[in-house]
Amino acid sequence: MNLLVTNLSAIAVIVGVMGAIAVVETVIPLHARGRWHRAHLAPNLALTLLTFVSSFFLNAALILLLLWLEARGFGLLRWLELGPIAAGVLGVLALDFSWYALHRTMHRVPVLWRLHRVHHSDPVVDVTTTIRQHPGESLLRYATLTLFVTVFGVGPVPFAIYRVWSALNGLVEHGNVRVPRWLDRTIALVAVTPDMHKVHHSRDARETDSNYGNIFSFHDRALGTFTATERGPTVACGLDGFDDPADQTTAGLLKLPFRDRVPSGPARASS
């Protein structure tokens, strides 16, 4: 019963914040709403619903695993006998790095890029783009989380903090919201910002294959994949070759990983 309440509460919070950001998008939009903003709404929300359904069960299984690992004292952070605060901070950082590692891998491995390009093929980016992902990518995300929580022994509390923080930051960074340049540039020293992430959604593969971070920007900075945020407000989003309206329906997006159209870019050469 507690797992049911926890999962439903998390979904309710995400939906509420998504709605709030959608309101902000109408007040201080980065780009005026056009036909693609209207056209992508239904398929984006459909994929979001599919993600909520799959995540409901996957998240419950992962929480049970966390409790099992905690009961047995398993994991690197427990073996190091760190205090709860230090273990919690390192746990959140480890999980955030897990997304960076998976995200970068999905851009480099053609078969994984096929799944991830469902997210990148959105011709415009707003808050509804956040959870526009193929069910296959959801499985990849949870497989990676399972590996990292098992190896590091991340506790239930740090895991919950990471999951909520990750989801909320994802909604913010995809928002079609105008942010003062000085503010975005300052926050991007530590955290992923809307302009930093917009660069990642560029049609230019050199920009797309950068800024992989989810919460923190220092993974990109330390590992040489950071691109400055200045172009964020002006990049053209989407993927060349996937603008056909038939590709942008719910059915089209679900079939997209199985299409043979080859966009340009280093990770796409054999996809």
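The values are calculated or read from the model by the stated rules, or taken from the named source; none is laboratory data. The model shown is predicted, which means the values in this text are computed figures rather than measured ones. Every residue, glycine as well, gets a Cβ built from its backbone with ideal geometry; the counts of neighbours run over all protein chains shown.
Tallying residues that are over 12 Å from the mean Cα position of the chain (by Cα) and either closer than 15 Å to LEU239 by Cα or not in a helix (DSSP H, G or I) (or both) within segment 185-200 yields 7.
In summary, LEU82 fulfils each of the numbered conditions (1) in a loop (DSSP other than H, G, I, E, B); (2) surrounded by fewer than 15 Cβ atoms within 10 Å (Cβ to Cβ) with the single exception of condition (2). ARG231 passes every criterion in (1) of a type outside the set (S, T, N, Q); (2) within 26 Å of LEU82 (Cβ to Cβ); (3) assigned to a helix (DSSP H, G or I) apart from (2). Counting only helices (runs of 4 or more DSSP H) that sit wholly inside segment 1-76, those with at least 1 residues that are in contact with a Lys or Arg (Cβ under 9 Å, 6 or more places away or on another chain) are 2-27, 41-71. Of the residues making up segment 205-221, just one is charged (D, E, K, R) and modelled with pLDDT under 95, namely ARG206. Flag: THR105 matches the condition of being within 22 Å of ILE215 (Cα to Cα), in contact with a Leu (Cβ under 7 Å, 6 or more places away or on another chain), part of a helix (DSSP H, G or I) and of a type in the set (S, T, N, Q).
When segment 109-123 is filtered for residues that are β-branched (Val, Ile, Thr) and assigned to a helix (DSSP H, G or I), the ones remaining, listed by number, are VAL111, VAL118. Kindly indicate whether any position in segment 69-86 is under 23 Å from HIS40 (Cβ atoms), touching a Ser or Thr at 6+ places or on another chain (Cβ under 9 Å) and not hydroxyl-bearing (Ser, Thr, Tyr). No: zero hits. Counting only residues that are buried (at least 16 other Cβ atoms within 10 Å of the Cβ) and modelled with pLDDT of 95 or more, which one in segment 31-45 is nearest to GLY238 (Cα to Cα)? Here the answer is HIS40.
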